[in-house]
1. Starting from the range 30-51, take each residue that is among the small types (Gly, Ala, Ser) and list its partners that are assigned to a strand (DSSP E or B), counting only C-beta distances under 6 angstrom and pairs at least six apart or across chains.
2. Tell me, yes or no, whether the range 76-89 has at least one residue that is closer than 26 Å to Ser10 by Cα and at pLDDT 95 or above.
3. Say whether the condition of being assigned to a strand (DSSP E or B) and either under 15 Å from Lys179 (Cβ atoms) or not polar (S, T, N, Q) (or both) is met by at least one residue in the range 83-104.
4. Has the range 119-127 got at least one residue that is assigned to a strand (DSSP E or B) and crowded, with 18+ Cβ neighbours inside 10 Å?
5. Look at the range 70-82 and say how many of its residues are part of a helix (DSSP H, G or I) and in contact with a Gly (Cβ under 6 Å, 6 or more places away or on another chain).
6. Name, by its number, the condition in (1) in contact (Cβ under 8 Å) with a residue 60 or more places away in the chain; (2) touching a Gly at 6+ places or on another chain (Cβ under 8 Å) that does not hold for Lys125.
7. For the range 13-40, how many residues meet the condition of being surrounded by 13 or more Cβ atoms within 10 Å (Cβ to Cβ) and assigned to a loop (DSSP other than H, G, I, E, B)?
8. When Ser192 is evaluated against the numbered criteria (1) at pLDDT 95 or above; (2) part of a loop (DSSP other than H, G, I, E, B); (3) surrounded by fewer than 13 Cβ atoms within 10 Å (Cβ to Cβ), which criterion, by number, is the only one it fails?
Amino acid sequence: MSKEIELKFSATEAQLSQLRSHYGDFAVTEMATTYYDTPDRQLSAQKLTLRRRTENGRAVCTVKAPGSGLARGEWECENTDIQAALPILCKLGAPKVLLSLPELTPVCGARFTRLSRLLALPDAKVELALDRGVLLGSGRELPFCEVELELKEGSEASLVDLAKSIAKEFSLQPEPKSKFQRARELTGDNES
């Protein structure tokens, strides 16, 4: 299984500015995300998240699945068509249930700018991402700012230690909900 290990924190514009000043140069990526599910929410019922995101114009389809501890399953491929991406994602190891889904419909989304940079630790590489934008659902928008720390390689313990250190230094609060969960709440669909 491909896996993703990340920690997320809510932030203010001021905190993002402080982090940007502290850590220096960041790559800039413009992102637009659409999350999909079946009309009867089969993916949500299985705690699967399916999205199509453009990253500076490059289309990437991703499925995420529950994992253990901080890890969760994540598979992605470049594709402009979410339906055409499903067999590819399954070949990469995503849950086969994706192949038997009835129609998919857009549920909600997000539009944001990500500033990112790789931090090299003695026994890990961690991506620091500063996200600022809006969550989208049912014609409503909710502004957000958040900080993500994602383990790219190495020790999970180093990621956790770095996250604790940054959270303390910049007074960040953990963000327990994903962008998808918060955007879906805008639609009035609050299923877990």
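The values are calculated or read from the model by the stated rules, or taken from the named source; none is laboratory data. Just so it is clear, the structure is predicted and the values come from calculations on it, not from any experiment. Every residue, glycine among them, receives a Cβ derived from its backbone with ideal geometry; neighbour counts consider all protein chains shown.
1. Ala32/Thr54; Ala32/Arg111; Ser44/Asp37
2. Scanning the range 76-89, I find at least one residue that is closer than 26 Å to Ser10 by Cα and at pLDDT 95 or above, so the answer is yes.
3. Looking through the range 83-104, none of the residues is assigned to a strand (DSSP E or B) and either under 15 Å from Lys179 (Cβ atoms) or not polar (S, T, N, Q) (or both).
4. Yes - at least one qualifying residue is present in the range 119-127.
5. 0
6. All conditions are met except number (1).
7. Qualifying residue count, the range 13-40: 2.
8. Against the list (1) at pLDDT 95 or above; (2) part of a loop (DSSP other than H, G, I, E, B); (3) surrounded by fewer than 13 Cβ atoms within 10 Å (Cβ to Cβ), Ser192 comes up short only on (1).
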